[in-house]
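Remarks on the structure that follows.
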Amino acid sequence: QVQLVESGGGLVQAGGSLRLSCTASGRTFNTYAIAWFRQAPGKEREFVSGIKWTGSTTKYVDSVKGRFTISRDNAENTAYLQMNSLKPEDTAVYYCAARQYGLGIPGPYTDWGQGTQVIVSS
């Protein structure tokens, strides 16, 4: 089990960028797949991006392909979501989640952060 803390959210104009961070506790971070989910008001939570526990593969929802990049730094126990060319429809609470030896694809995750708000103004 890992404890996850997100940071980096905020208010940005359309076309701008933000980088979200997900920092994990413990010494087993490098065995966990990390994913980013988001939930907009009145909508269900959706998978945004994930990275395999080995770091070898990544996955993105179609709506963010080419704009968002997920990465991880195991030495820092941190995963990142670089978000460029932000659109108002990216406005949501963003959550990071972890699953040990996971593939970084949509599916069940065992550990979740508390979320960070991203607001993109038009």
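The values are calculated or read from the model by the stated rules, or taken from the named source; none is laboratory data. Bear in mind the structure is a predicted one, so any value in this text is a computation, not a measurement. For neighbour counting, all protein chains shown are included, and Cβ atoms are generated from backbone atoms with ideal geometry for every residue, glycine included. SASA here: full protein model, heavy atoms, side chains in, ligands and nucleic acids out. Shrake-Rupley method; radii C 1.70, N 1.55, O 1.52, S 1.80 Å.
Below, the figures for the structure above:
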read-out	value
Set of aspartates and glutamates near residue 59 by C-alpha distance (under 18 Å), chain-local residues within fewer than 8 positions excluded	46, 73, 90
Gaussian network model of the chain, Cα within-10 Å springs - most flexible of 107, 42, 15	42
Reachable lysines, given that their alpha-carbon falls under 19 Å from the alpha-carbon of residue 43 and they are not under 8 places away in the same chain	87
Share of carbon and sulfur in the accessible heavy-atom surface of region 1-103 [1.4 Å probe, %]	46
Trypsin sites (Lys or Arg not before Pro) within region 56-105, DSSP loop, no more than 16 other Cβ atoms inside 10 Å	65, 67
